[in-house]
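Asks: Can you keep this structure in mind? I'll have questions shortly.
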Amino acid sequence: MTPSEVKRVGILAIQGDVEAHAAAIERVGAVPVPVLREKHLDEVDALVLPGGESTTIAKGLERLGLYEPLRAFGDSGRPLLGTCAGAILLSRVAENHPVETLGLIDAVAVRNAYGTQVDSFAAPADADSANGFAGLRCVFIRAPQLRDLSPEVEVLARVDGAPVLVRQGRVLACTFHPELGDDSRVHALLLGSVA
Ligand code: GLN
């Protein structure tokens with residue numbers, strides 16, 4: 001591969017699981033690039049919004065003036081992947097402690113939808129999940145659920161019937177943490193949709 005063919009994948013680096021995403025991006029043969037400024041978006045082929053705490057990340061987006069640039073990034077057709085808190089930020093609206101969202105996935109994100117009793121757990125994706133995702137080990141940490149999906153939102157994987165990996169155009173939202181462990185299928189899907 002020549003250097004120009006190597007894809008650069010930005011990771012929003014305000015807060016959250018940035019380093020584990022960087023490792024996953026390297027595993028699929030791309031270069032991770034921390035993103036904290038609008039100008040950094042010009043230098044990447046795709047972007048990851050990591051898991052973490054969506055209230056904290058939302059405050060950072062406001063402070064850094066990144067809401068509109070990120071919406072424009074999505075509208076430009078470059079692929080995005082939001083995981084857990086990142087999926088909340090991609091949604092149309094967040095419920096249960098609302099935060100301003102980007103509106104790039106036409107669904108409602110319900111924060112901490114599995115309750116405080118079950119802070120984190122792992123479960124395999126349901127057998128009827130698409131694109132080879134059946135059985136994928138999904139790690140949930142104070143995870144949201146996606147509800148009221150519009151017909152434009154395609155469900156790629158479910159756990160116990162609930163959508164956990166969805167796609168609208170080139171935007172992927174994932175309620176679990178695909179960067180934990182060594183299964184890089186979700187990151188490979190992101191990279192595969194770079195034009
Ligand atoms: N519970 C967090 C939120 O609502 C998300 C947790 C995560 O990203 N692991 O922002």
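The values are calculated or read from the model by the stated rules, or taken from the named source; none is laboratory data. A quick note: this is a predicted structure, and the numbers were derived from the prediction, not measured. Cβ: placed from backbone, ideal geometry, glycine included. Neighbour counts: every protein chain shown. Heavy atoms of the whole protein, side chains included, go into the accessibility calculation; ligands, DNA and RNA do not. Shrake-Rupley method; radii C 1.70, N 1.55, O 1.52, S 1.80 Å.
Asks: Find the relative contact order for the chain and round it to a whole percent, using C-alpha pairs within less than 8 Å whose residues are 6+ positions apart.
Replies: Relative contact order, the chain: 20 percent.
Asks: Which value in deg cm²/dmol, rounded to the nearest 500, describes the helix-derived mean residue ellipticity at 222 nm for the chain, given -39,500 (n - 2.57) per DSSP H run of n ≥ 4 and division by the residue count?
Replies: Per the formula, -6000 deg cm²/dmol.
Asks: Given just the C-alpha atoms of region 51-195, how large is their convex hull per residue in cubic angstrom?
Replies: Hull volume over Cα atoms, normalised by residue count, gives 104 Å³.
Asks: Further question on the same structure: Just want to confirm a number: the relative contact order over region 154-195, from Cα pairs under 8 angstrom separated by 6+ residues, in percent.
Replies: This gives 23 percent for region 154-195.
Asks: Need one number: nm distance between label points at Asp119 and Glu43, each 7 Å from Cα along Cα→Cβ, rounded to one decimal.
Replies: 3.7 nm
Asks: When all protein chains stay in place, what accessible area (Å², nearest 10, 1.4 Å probe) is found for Asp75?
Replies: Per-residue accessible area (Asp75): approximately 120 Å².
Asks: Once phi is turned into θ = phi - 60°, what whole-Hz ³J(HN,Hα) does the Karplus curve with 6.51, -1.76 and 1.60 give for every residue of region 177-183, x standing for Gly and Pro?
Replies: Computed from phi, the couplings for region 177-183 are 10, x, 7, 8, x, 10, 8 Hz.
Asks: Which one of Gly65, Gly74, Gly82 has the biggest mean-square fluctuation once the chain is modelled by GNM with Cα springs under 10 Å?
Replies: Gly65
Asks: Local charge sum around Gly29 (other residues, Cβ-Cβ under 12 Å, Lys/Arg +1, Asp/Glu -1)?
Replies: With Lys, Arg at +1 and Asp, Glu at -1, the neighbours total +1.
Asks: Now, a different point. Counting DSSP beta bridges in region 63-195, what percent are antiparallel, to the nearest 5?
Replies: 70 percent
Asks: What number comes out for accessible area per residue over the chain if the probe is 1.4 Å? Units Å², please.
Replies: 45 Å²
Asks: With a 1.4 Å probe and every protein chain kept in, tell me what percent of the accessible surface of region 78-195 is carbon plus sulfur.
Replies: 49 percent
Asks: When the C-alpha atoms of region 65-133 are aligned to their principal axes, what extent does each axis show, in angstrom, from largest down?
Replies: Largest to smallest, the principal-axis extents are 35, 32, 16 Å.
Asks: Still on this structure, I have one more. Under 10 Å, Cα contacts only: if you run a Gaussian network model on the chain, which one of Thr83, Thr175, Thr56 comes out with the highest mean-square fluctuation?
Replies: So, out of Thr83, Thr175, Thr56, the one fluctuating most is Thr56.
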